[in-house]
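A short worksheet on the structure shown next.
What follows draws every value from the coordinates through simple rules; no lab data is involved. Owing to the predicted nature of the structure, the values given are computational and were not obtained by experimental measurement. Using ideal geometry, Cβ is built from the backbone for each residue, glycine included, and neighbour counts are taken over all protein chains shown.
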Amino acid sequence: MVAMGRVCVAFFWHMHQPWYLWPNSRQAAMPFTRLHACSAYSDMPWLLSQLDDTRVTFNLVPSLISQLEGCAAGDITDRALELSLRDPADLGLDDQRYLLTHMCGGQPAGGMAASPRYGELLHKRGVDRKPDTIDRACRLFREDELRDLQVLFNLAWCGFALATESEVVRELRVKDRDFTEDEKLALLDEMQAAVGRVVELYAEVAREDRAELTCSPFYHPIMPLLCDMRDAERRIPASQLPDTPWREPAEARRQLRDGLDYHERVFGARPRGIWPSEGAVSDAALALIAEEGLAWAASDEEVLAAGLDLDDRPSPDQLYRPWLAADGRLSLVFRDHRLSDLIGFVYRDWSARDAARDFVGRLRRIAGRAGDGDRPPLVSVILDGENPWGWYPDAGEAFLRELYQRIEADDELETTTVGGYLERFPAQDRLASVFPGSWIDHSFSTWIGGREHRRAWELLGGALEAVKRHAPGDDGYDDAVRHLMIAEGSDWFWWYSESQHTLDADIFDALFRAHVAEVYGSLGEQPPAEVQEPIYAERVSRLTREAVGWMRAAIDGRVSSYFEWQAAALLRTSGLASAMQRSQFVVHEIYFGFDAENLWLRLDTDGPAADRLRGCRLDIVFAGEPEHVMSIVADPDADTPAASGDLRDEVECEVGRIIEARLPLRVLDTGPGDTLRPAVVVGREGRVIERWPELGFLQVAVPSEEAVASSWFV
């Protein structure tokens, strides 16, 4: 029997990438499966093997494993790899443009920051990816600088496991510049070998009983939307859904069964547990999961709260225990949203020691609030296993090592796999029904309900009908089904969402439509013309007024004078609110003021900002390469909001009745006469609750000295 007060912690790391391959091609549109294989996908099981008593659960999406195996075998390539292999003297103008656009800046921020040479080359290229900036850089960069960029881009993606095991990686990081062709090729060989080891690393930690391996449906679809799209109406008006809602449980079952079969072929055993894609569940989806013989599934605490008809978070006794689905065949666990998001979004700005100490302290407080002596509380911490670490200064090694070791040394705590806990302490309490929702806002609104979502689902519905016109065994049928399943994946709809943004949204759009078109092509049919028309279109949002001169303000968190911000550009969010379809907003007005050296920021909120931001994270994101972020984090347990993000050492900020801040323009690589591209994002517990603008970025002109001199405003 486990001692009273002991807390079992289930770290559940979800590993997933979109399906990047173009139809009928070995070319991946983006290199991130291969690159993550050299960092987090290797780091996480490697670190686990260094510890004595830590147990975790890994969720490996089958479509990710398939791509990893293709990369390892050389069956999948990408342009970043191909250009990295080329001698800089052989790079044509288009090759140089790609290198300077996509391989100079961006993630992982920690790896870039560690290289002075990388920063030097980024500064020489210029802060943005505009065509004229890139063409200018092509004329300026020498062959030795292009070679350094080839090496440093790849080196930044080498995680701590590779840095420990590879002398090549260690030596090149110390050298930092003036690389040779032989050194570059040696690095690429090391990275390719690392890709080839990844799948076996997970198999090994599973054999050693250090980890439980689980999976998701093959191409990561939102199963409830395939089973019965009408379940989305619990949170989204029916008028925003496709005219013909999907009710295709056979599609969901195929994704699920194919995923389980593939996992078994790769790892030699069928998984016992599953992370339904995006934690999306419904009674119909859970019934399918149970019918396929799985023992447990996981989702988010907000789904549990809604299922229990609670107005607030579940109590510790409700959250930190397993439940049974309605028919009693399937156990359910629910993630602690706050703890998971601290790792994903907050601790990256803390020291490793402070972050681990804070997390363990929170776990120890749970020990006194939950559990009954016979069954210790189960705290499920579930999040992406690859994405957070690029923002940590050392790819997350110090934090993870410190966290795991502190838990191992604490008599009140132990790590466990989800399946291991359920073997000792089976679920006893039953949910009459599960609320249909996901890990984001216990709804499906990130994947359905928007204008672009509607178009995408309608195109996909047409492809499904094309498949139904044919029968298994017909020419091209199996290929058509495979492309349909790829297009059913959640990732395409994620980037069509109003609350998500990426500079590569047009590529995701093109990939989605290419697979939809290939459904028809495989069957010998002509795809409809609409498939050729882009769905995604970046929107340019207009300011309420432009800046009319230079200004200065007292950074004190209050309105000192009516005239203080009169020269600033202004955005009233009410002008954009109709598209966002929310009844109440945190941010009401955003001011962008300037003098010759500084950006002055002011944000007015619905009520005192220090109170309104409690429990929130506010990011002011400045588009560019690299992207800069000024964050204000208001932890519910903290007294006052605190500035974080990569600009935290440069910003002067005060949060009171309003938010006021000053940033030197030089840290944004801009000045008078240039244009800033900011966006303001408000998040709570890892989900975006509002974004201004909803897609893309604002265009904020910094007044030139000539414009200020000729302006009547003083």
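Things worth noting here:
- Karplus (6.51, -1.76, 1.60) ³J(HN,Hα), θ = phi - 60°, over region 156-162, in Hz, Gly and Pro reported as x: 5, 8, 7, x, 6, 5, 5
- Residues whose amide H comes within less than 5 Å of that of PHE594, counting only those at least five positions distant or on another chain, are MET551, TRP600 (H built at 1.01 Å from N in the peptide plane).
- Full extension of the chain between GLU652 and ARG357 yields a length gain of 103.4 nm, computed as 0.36 nm times the residue separation minus the alpha carbon distance.
- Here region 451-538 is treated as a Stokes sphere of Kirkwood radius computed over C-alpha pairs; at 4 °C and 1.567 mPa s its diffusion coefficient rounds to 99 µm²/s.
- Integer Hz, Karplus 6.51/-1.76/1.60 couplings in order for region 32-42, x for Gly and Pro: 6, 4, 4, 5, 5, 5, 8, 10, 4, 5, 8
- Estimated FRET transfer efficiency (ASP327, TYR262; beta-carbon r; R0 22 Å; 0.05): 0.25
- Taking the DSSP bridge list for the chain and keeping only pairs wholly inside it, about 60 percent are antiparallel.
- Distance between region 132-181 and region 497-516 - C-alpha centres, whole angstrom: 29
- For region 202-208, the Karplus equation 6.51 cos²θ - 1.76 cosθ + 1.60, evaluated at θ = phi - 60°, returns couplings of 5, 4, 5, 5, 6, 4, 7 Hz by residue, with Gly and Pro reported as x.
- Amide H contacts of HIS588 (H built 1.01 Å from N, under 5 Å, at least 5 apart or other chain): ASP604, THR605, ASP606
- Coordinate range of the alpha-carbon atoms in the chain per principal axis, descending: 75, 59, 56 Å.
- Computed FRET value (nearest 0.05) for ARG614 with ARG424, which takes r as the C-beta separation and R₀ as 22 Å: 0.05
- Residue-span extension gain [ARG365 to GLN405] - 0.36 nm each, minus C-alpha spacing: 12.6 nm
- Computed from the Cβ-Cβ distance with R0 of 56 Å, the FRET efficiency linking SER704 to ARG270 stands at 0.30.
- Label point of GLU143 set 7 angstrom out along Cα-Cβ; within region 61-79, no amide nitrogen lies under 20 Å from it.
- Histogram of C-alpha separations across region 111-187, 5 Å bin width, %: 3, 15, 27, 22, 16, 9, 6, 2, 0
- Straightening the chain between ALA89 and ARG234 buys 46.3 nm, computed as 0.36 nm per residue apart minus the Cα-Cα spacing.
- Each stretch of four or more DSSP H residues adds -39500 (n - 2.57); spread over every residue of the chain, this sum gives -11500 deg cm²/dmol at 222 nm.
- Reducing region 275-343 and region 347-422 to their Cα centroids gives an inter-centroid distance of 20 Å.
- Each residue in TRP439, TRP565 was given a count of other beta-carbon atoms within 10 angstrom of its own, and listing them fewest first yields TRP565, TRP439.
- At most 16 other Cβ within 10 Å, DSSP loop - trypsin sites (Lys or Arg not before Pro), region 364-396: ARG369
- In range of the label at ASP478: residues from region 512-538 whose backbone nitrogen is under 16 Å from the point 7 Å along Cα→Cβ: 522-523
- The alpha carbons of region 43-158 occupy a box of 54, 32, 23 Å along the principal axes, longest dimension given first.
- Based on the reciprocal of the average 1/r between different C-alpha atoms, the Kirkwood radius for region 337-423 equals 13.8 Å.
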